[in-house]
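**Student:** What follows is a single structure, and I will ask about it in a moment.
FYI, it's all coordinate maths here, none of it is from the lab. As the structure is a computational prediction, the values presented were derived from the model and not from experiment. Here the Cβ is made from the backbone with ideal geometry for all residues, glycine too, and neighbour counts use every protein chain on show.
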Amino acid sequence: MNVAPARGWTVANWLVGHARQYGIASVAFAGRRWTPGGGTWKADPRAAPSAVQVT
């Protein structure tokens, strides 16, 4: 889903906060990716600039 930056970060961070509950393995947005194992947002050139990606 393509979103504006502020909304994208709101959605992405909500997903991170609920990752365990929903079995989310990773969240990517704006060139960054979060995983439960890392616990932080890290640069990822595969992360779409304007779409929230969930795996």
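**Student:** Could you grab me the full set of residues in the range 1-43 that are in a helix (DSSP H, G or I) and β-branched (Val, Ile, Thr)? Outline the logic, then answer.
**Tutor:** Filtering the range 1-43 for residues in a helix (DSSP H, G or I) gives 5-17, 19-22.
THR10, VAL11, VAL16, listed by residue number.
**Student:** Which residues, taken from the chain, are polar (S, T, N, Q), surrounded by 11 or more Cβ atoms within 10 Å (Cβ to Cβ) and touching a residue at least 24 places away in the same chain (Cβ under 8 Å)? Lay out the reasoning, then the answer.
**Tutor:** The initial filter retains those residues of the chain that are polar (S, T, N, Q), namely 2, 10, 13, 21, 26, 35, 40, 50, 53, 55.
Among the residues that remain, those that are also surrounded by 11 or more Cβ atoms within 10 Å (Cβ to Cβ) are: 10, 13, 26, 35, 50, 53.
Scanning the chain gives SER26, SER50, GLN53.
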